[in-house]
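Colleague: The structure under discussion is supplied below as structure tokens; questions concerning it will follow.
The values are calculated or read from the model by the stated rules, or taken from the named source; none is laboratory data. Keep in mind the model is a prediction, meaning the values are calculated, not measured. Note: ideal-geometry Cβ built from the backbone for every residue, glycine included; neighbour counts use all protein chains shown. Note: areas computed on protein heavy atoms with side chains; ligands, DNA, RNA excluded. Shrake-Rupley method; radii C 1.70, N 1.55, O 1.52, S 1.80 Å.
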Amino acid sequence: MTPRLVRACRKEDVDRTPAWLMRQAGRYLPEYRKVRETHSLLDICADAELTSQVTLQPLERFDLDAAIIFADILLPLVPMGIDLDFVPGRGPVIRNPIRSPSDVAALAPFDPRDHLSPTLEAISSVRAVVAKDAAVIGFAGAPFTLASYLIEGGPTKNFGRVKSFMSNEPAAFLALMTKLREVAGGWLTAQAEAGADALQLFDTWAGWLNPVTYEQQVLAHSRFVFDSLKETSCPTVHFAVGAPHLIELLSRAGSDVLSVDWRLPIDEAWNRFGVDCAIQGNLDPTVLLGSEQHIFEAVTDVMRRVNGRPGHIFNLGHGMLPETPPHAVTIAIDAVRSYEAATA
Ligand code: CP3
């Protein structure tokens with residue numbers, strides 16, 4: 001049986017709109033916080049059993065159509081020689097950031113089957129237990145977003161370091177993007193081989209670029225990743241935040257699905273695609289902090305705008321906020337289902 005999310009990626013008929021939520025496993029769930037009391041994020045990712053357990057937590061509570069494997073986009077940087085930590089209240093911190101061409105040259109190639117095997121094992125064991133009509137999603141960071149973390153080293157408001165590295169060190173920036181596209185492509189291919197049904201590429205920070213810079217410096221590298229995934233049978237999803245000005249370019253990178261945030265109404269975003277791919281989105285995650293009626297109306301608005309057009313995957317426009325009450329997810333998923341029941 002083909003998971004309904006995979007069918008929607010291909011714009012085929014589905015028995016119901018597939019729904020999942022970015023960061024559906026995470027701190028808003030008490031059972032996740034319980035695991036985090038005794039294990040760091042990197043501890044969880046280094047242990048196949050804990051990874052599977054945390055991945056499955058949201059599926060035990062909610063009627064979701066996909067499990068996204070629990071990992072982080074920054075995980076593959078560790079075997080490349082990067083000293084990565086997640087600091088509470090600060091987010092990811094890299095203690096040896098990329099600041100020179102020699103730092104780029106020192107990044108080591110690695111085989112994900114050797115160095116990231118717990119994630120791959122967890123994909124296989126999660127695939128074995130989730131319902132046949134639900135999908136297991138593998139993911140990776142896109143070259144530009146990984147380069148941003150590597151060069152900035154920590155939180156940034158303006159991406160000044162990565163943008164100036166791009167202009168001051170063009171050859172080293174190109175070498176870095178070339179290494180990172182190989183990493184993303186190889187990591188996603190390994191996840192497909194382990195049993196992932198669909199693959200999502202997160203280019204979270206692409207929206208901070210203007211269209212000319214995106215097209216000249218980034219597009220070809222993300223397209224390389226999607227091209228390299230054609231040999232897998234998995235459909236692909238391309239995600240960026242705050243990028244309505246890039247929609248047409250993002251859709252030219254060659255994914256099956258574009259995942260859009262809430263900044264444009266979903267029908268307007270879809271009409272801007274340069275190629276006719278499927279769409280994922282696009283509820284504002286802060287809606288889940290509101291009243292039951294507010295959630296119901298906002299979800300219904302997304303569904304009404306889609307109006308049954310083939311190729312819609314219901315999701316948020318960005319990840320779940322840690323302060324989200326879990327019950328809000330039940331309300332949102334129920335609203336998707338009741339819209340469908342009312343329009344069937
Ligand atoms: O349920 C899921 O979606 C799967 C797990 C997942 C995580 N990170 C676990 C995580 C996924 C898909 C990611 C992707 C990721 N990581 C992205 C792209 C998606 C996005 O949100 O734009 C990015 C940019 C990162 C980098 C990252 N990791 C940041 C900025 C942070 C700090 C966030 C914060 O609010 O503290 C992390 C840490 C992280 N990765 C957490 C989780 C659940 C935070 C919780 C914890 O410390 O346990």
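Colleague: Within the range 27-45, track down each residue that is open to solvent by less than 10 Å² (accessible area, probe 1.4 Å) and in a loop (DSSP other than H, G, I, E, B).
Modeller: Tyr28, Leu29, listed by residue number.
Colleague: Is there a residue in the range 178-199 that is closer than 25 Å to Arg23 by Cα, part of a loop (DSSP other than H, G, I, E, B) and within 16 Å of the ligand (Cβ to nearest atom)?
Modeller: Checking the range 178-199: at least one residue is closer than 25 Å to Arg23 by Cα, part of a loop (DSSP other than H, G, I, E, B) and within 16 Å of the ligand (Cβ to nearest atom).
Colleague: Continuing with this model, one more query. Phe110 fails exactly one of the following numbered conditions: (1) within 24 Å of Asp47 (Cα to Cα); (2) within 16 Å of the ligand (Cβ to nearest atom); (3) surrounded by fewer than 23 Cβ atoms within 10 Å (Cβ to Cβ). What is the number of that condition?
Modeller: Of (1) within 24 Å of Asp47 (Cα to Cα); (2) within 16 Å of the ligand (Cβ to nearest atom); (3) surrounded by fewer than 23 Cβ atoms within 10 Å (Cβ to Cβ), only one is false for Phe110: (2).
Colleague: When you go through Leu5, Leu29, Leu50, Leu42 one by one, which is the residue that is under 21 Å from the mean Cα position of the chain (by Cα) and either of a type in the set (Ser, Thr, Tyr) or under 30 Å from Pro310 (Cβ atoms) (or both)?
Modeller: Leu5
Colleague: Considering every residue within the range 223-239, establish whether at least one is open to solvent by 10 Å² or more (accessible area, probe 1.4 Å), among the aliphatic types (A, V, I, L, M) and in contact with a helix residue (DSSP H, G or I) (Cβ under 9 Å, 6 or more places away or on another chain).
Modeller: no
Colleague: Same structure again: In the list Glu248, Glu297, Glu268, which residue meets the criterion of being under 23 Å from Pro143 (Cβ atoms) and either at pLDDT 95 or above or touching a Phe, Trp or Tyr at 6+ places or on another chain (Cβ under 6 Å) (or both)?
Modeller: Numbers: Glu297 fails: under 23 Å from Pro143 (Cβ atoms); Glu268 fails: under 23 Å from Pro143 (Cβ atoms).
Result: Glu248 is the single residue among Glu248, Glu297, Glu268 that is under 23 Å from Pro143 (Cβ atoms) and either at pLDDT 95 or above or touching a Phe, Trp or Tyr at 6+ places or on another chain (Cβ under 6 Å) (or both).
Colleague: Taking only pairs six or more apart or across chains, which ones have beta-carbon atoms under 7 Å, a first residue in the range 46-66 that is under 12 Å from Val129 (Cβ atoms) and aliphatic (A, V, I, L, M), and a second residue that is open to solvent by 10 Å² or more (accessible area, probe 1.4 Å) and not in a helix (DSSP H, G or I)?
Modeller: Leu59/Val130
Colleague: Assess whether Met22 counts as being at pLDDT below 95 and within 30 Å of Gly308 (Cβ to Cβ).
Modeller: no
Colleague: Identify the residue in the range 139-156 that is near the ligand (Cβ under 10 Å from one of its atoms) and open to solvent by less than 10 Å² (accessible area, probe 1.4 Å) and, among all such residues, is farthest from Gln24 (Cα to Cα). Walk me through how you get there before you give the answer.
Modeller: The first filter runs over the range 139-156 and keeps only residues near the ligand (Cβ under 10 Å from one of its atoms), leaving 139-142, 145-146, 148-149, 155.
Add one more test, that the residue is open to solvent by less than 10 Å² (accessible area, probe 1.4 Å), and what stays is 140-142, 145-146, 148.
Values: Ala140: 16, Gly141: 17, Ala142: 20, Thr145: 21, Leu146: 22, Ser148: 24 Å.
Looking at the filtered set, the residue picked out is Ser148.
Colleague: Of all residues in the range 272-293, how many are in contact with a Ser or Thr (Cβ under 7 Å, 6 or more places away or on another chain) and surrounded by fewer than 16 Cβ atoms within 10 Å (Cβ to Cβ)?
Modeller: 3
Colleague: Can you tell me which residue within the range 294-339, out of those that are among the small types (Gly, Ala, Ser) and either on the phi > 0 side of the Ramachandran plot or within 15 Å of the ligand (Cβ to nearest atom) (or both), is surrounded by the most Cβ atoms within 10 Å (Cβ to Cβ)?
Modeller: Filtering first and then ranking leaves Gly317.
Colleague: Filter the range 63-103 down to residues that are of a type outside the set (A, V, I, L, M, F, W, C), more than 25 Å from Pro170 (Cβ to Cβ) and more than 10 Å from the ligand (Cβ to nearest atom), then give me how many there are.
Modeller: Looking only at that region, the number is 6.
Colleague: When you go through (1) in contact with a Leu (Cβ under 9 Å, 6 or more places away or on another chain); (2) open to solvent by 10 Å² or more (accessible area, probe 1.4 Å) one by one for Asp65, which number turns out not to apply?
Modeller: In the conditions (1) in contact with a Leu (Cβ under 9 Å, 6 or more places away or on another chain); (2) open to solvent by 10 Å² or more (accessible area, probe 1.4 Å), Asp65 misses (2) alone.
Colleague: Right, here's the next one. Test each condition in (1) within 11 Å of the ligand (Cβ to nearest atom); (2) in contact with a Pro (Cβ under 7 Å, 6 or more places away or on another chain) for Lys11 and report the one that comes out false.
Modeller: If we test Lys11 against (1) within 11 Å of the ligand (Cβ to nearest atom); (2) in contact with a Pro (Cβ under 7 Å, 6 or more places away or on another chain), just (1) comes out false.
Colleague: Let me ask you something else. Here are some residues: Val87, Val93. Which one is aliphatic (A, V, I, L, M) and free of Cβ contacts under 8 Å to residues at least 12 places away in the same chain?
Modeller: The conditions single out Val87.
Colleague: Turning to a different aspect of this structure: Quick check on my filter: what residues within the range 15-26 are more than 13 Å from the ligand (Cβ to nearest atom) and open to solvent by 60 Å² or more (accessible area, probe 1.4 Å)?
Modeller: Correct list: Asp15 only.
Colleague: Would it be correct to say that Leu56 is near the ligand (Cβ under 10 Å from one of its atoms), out of contact with any Ser or Thr (no Cβ under 8 Å at 6 or more places or on another chain) and aliphatic (A, V, I, L, M)?
Modeller: Numbers: near the ligand (Cβ under 10 Å from one of its atoms): no; out of contact with any Ser or Thr (no Cβ under 8 Å at 6 or more places or on another chain): yes; aliphatic (A, V, I, L, M): yes.
So Leu56 fails the test.
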